[in-house]
Structure formats: C-alpha cells, structure tokens
1. Counting only chymotrypsin sites (Phe, Trp or Tyr not before Pro) that sit in a DSSP loop (anything but H, G, I, E, B) with at most 13 other Cβ atoms within 10 Å, what is the longest stretch of chain A containing none of them?
2. Using the alpha-carbon atoms, what tilt in degrees (0 to 90, nearest 10) does helix A:21-30 show relative to the longest principal axis of chain A?
3. Report the FRET efficiency, 1/(1 + (r/R0)^6), for A:Ile91 and A:Lys9, where r is their Cβ-Cβ distance and R0 is 51 Å, rounded to 0.05.
4. When chain A is modelled as a GNM with alpha-carbon springs shorter than 10 Å, which of A:Glu89, A:Glu32, A:Glu64 fluctuates the most?
5. For peptide B:154-160, how many partner chain Cβ atoms fall within 10 Å of a residue's Cβ, on average?
6. So, R0 is 25 Å and r is the distance between the beta-carbons of B:Glu119 and A:Glu17; what FRET efficiency does that work out to, to 0.05?
7. Per residue of A:36-45, what is the mean number of Cβ atoms on other protein chains within 10 angstrom of that residue's Cβ?
8. Using a Gaussian network model of chain A whose springs link C-alpha atoms within less than 10 Å, name the residue from A:Val76, A:Val97, A:Val14 with the highest mean-square fluctuation.
Amino acid sequence: MEKSKNLEKFLGLVSDEKSGLLEKIQWRQANEAWRERSGKIALKILRKLRDNKSKDQFPSSQKELATLLKISPQQVNKIVKGSENLTIETICKIENVLNIHVFEYEMV
Amino acid sequence: MKIVHTFITGLYSFKYDEQETNELERLFDDWNDFEFLEEFFDNHKNDLKYFGLTVESAIEETINEANLLDKLLLDIAESNFQTLDAIFKPLNNLEFRAVILSKQKARRRWLRLYAIKIEPNYYVITGGAIKLTHTMQEREHTKNELLKLEKCRQYLQSEGIFDLDSFNELDI
C-alpha cells in the first residue's frame, strides 16, 4: 500500500542509528535464572547500605563497600544493578562485610 | 533529539540529546536495574502504602512485569498477524491502552510506555513511567512525560509531520 506523504516525511526523519534493545532482551531471557538470584542479592546490598546510612554506620555507600571488598566502585555498581554473575567467593565477602545473609544454607 | 528504529516494524523511539540511549531502550534498562528501582520505590514509599507493598515486593513485581514486557516485545516482533493498532488501544482522549490476552498476567501492571501515533500501525515512543497513581498529573515523574510528549509533538510539527492527535499508552 502506498505510504501517505505524512508517513513518508516521518520515515525520512528516522536516523540510521541502531537500537541495542533486541540484543539486551535476548541476553536477559537467556540468563533469566541466575539474574533472578543476582537481583535478590543486589537488593539486599542496596537495602543494607541504605539502612546503614540512616544509622550513620559503615559502609553506607557503594564507594565504601568497594573499599571493603577491595574491588572498584564500578564493579560494585554492576553488582547492585543485579546484572553480575557473582562468584561464591564474592558472595561470601559481601555477606561478611555487610553482615547479611544472602542465601539460606542447608546442611546436607 | 532524533528518532530511532526499534526492532519492531512500525515502532520507533525518540532519543533525547541528554540521553545515551533511545527512550524504549532506556526504559527497559531502568525497569531491569535494581539500583534504579530501589531508589525509585524508596522515594515513592508513601504511594506503595496504597498498594500494601514494601519496597522489596514492589521491586519484585516490577521485575516480573518487565520480564513479561520483554517477552511481549519479542512476540510482537515475531508475530505475523498482530499489528501495533491491536496492541495500543484508547483509554480516553488522552491515553491509549494495550490490551493483551496473555497466558501469564503480571500481578502488578504499572509499567507504562507512551507513544505518539503517526498513522495506523506507526508509533513513536516518547517516554514511559512506573505509574503509581490514577492520573499522570498527580506525580512529577509522570507529569514530566506529558511535557516530553508536547516537546516531541512540537518537534514533529516543526518538521511538517502531524500525528493523529492522540497520546497512546501501552499496558499489558
């Protein structure tokens, strides 16, 4: 069907720039299982930092947490966004420095 | 500002100069970002009381809804029979609402995408929001979406492009 002049003008305005949305959606869907757990960890960290801040306790920011974990603030930021596939070692360090339980452990 | 293709035929998105990504991509990034969601819901704790939700449970439900939206966009892209007009439907003279019959309904449905309709089956996303109130005017972040809409409309008109005088909302 022939396009209207209005639509043609609109399509002429559309840039060549590509969106990365499809790749991001596909990545999220492919990594859904561990992302769910990573997200729960991220939320526990964020709530603990906020709670510490309200009580003037250390650490109360991502930067302070990075110092304690001996990693960069950028790495901490990836963790709190919930998109990091964490190692068990990192999870244990987080639990220790923040005094939180991330997972419930079962004795087998 | 510029207009960008999405991977869905007929669906485009604005990209504002101050943003690194286009609106559709940026919104989906935010709605899957625990840091963003924790800050947002902590700032809107009072609104959550109306729903009887904690910040944690609000985030969990939002992530669930965002996951369904991911799947919805993939379905639309792969669908040979579903058109955007069938997905965006008018709520009132200001908003369109998408009515999708899906097997898995989100418990919470407060994620919104806002779009200008250029022609049947041609929409351009102007923005979106986590809408916690009945009307957009009740909160700053949703009021801002109305300002963005008007800015986009003026931009299109300055380029000699006229929309169908409708503001559309996607809701699953």
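The numbers here are math on the coordinates, done by the rules we state, and not lab data. Small disclaimer: the values here were computed from a predicted structure and weren't measured. Because the Cβ atoms are built from the backbone with ideal geometry, glycine has one as well, and the counts that use them run over all protein chains shown.
1. On the way: sites that count: A:Phe103, A:Tyr105.
Maximal segment without exposed cleavage sites: A:1-102.
2. 40 degrees
3. Values: r = 54 Å, r/R0 = 1.06.
So the FRET efficiency works out to roughly 0.40.
4. Greatest mean-square fluctuation among the candidates belongs to A:Glu89.
5. Values: counts 0, 1, 4, 0, 0, 4, 5.
Taking all residues of B:154-160 together, the mean is 2.
6. Numbers: r = 22 Å, r/R0 = 0.88.
Taking R0 as 25 Å, the efficiency between B:Glu119 and A:Glu17 is 0.70.
7. On the way: counts 4, 0, 1, 7, 5, 1, 6, 9, 2, 3.
If you average over the peptide's residues, the count of other-chain Cβ atoms is 4.
8. A:Val14
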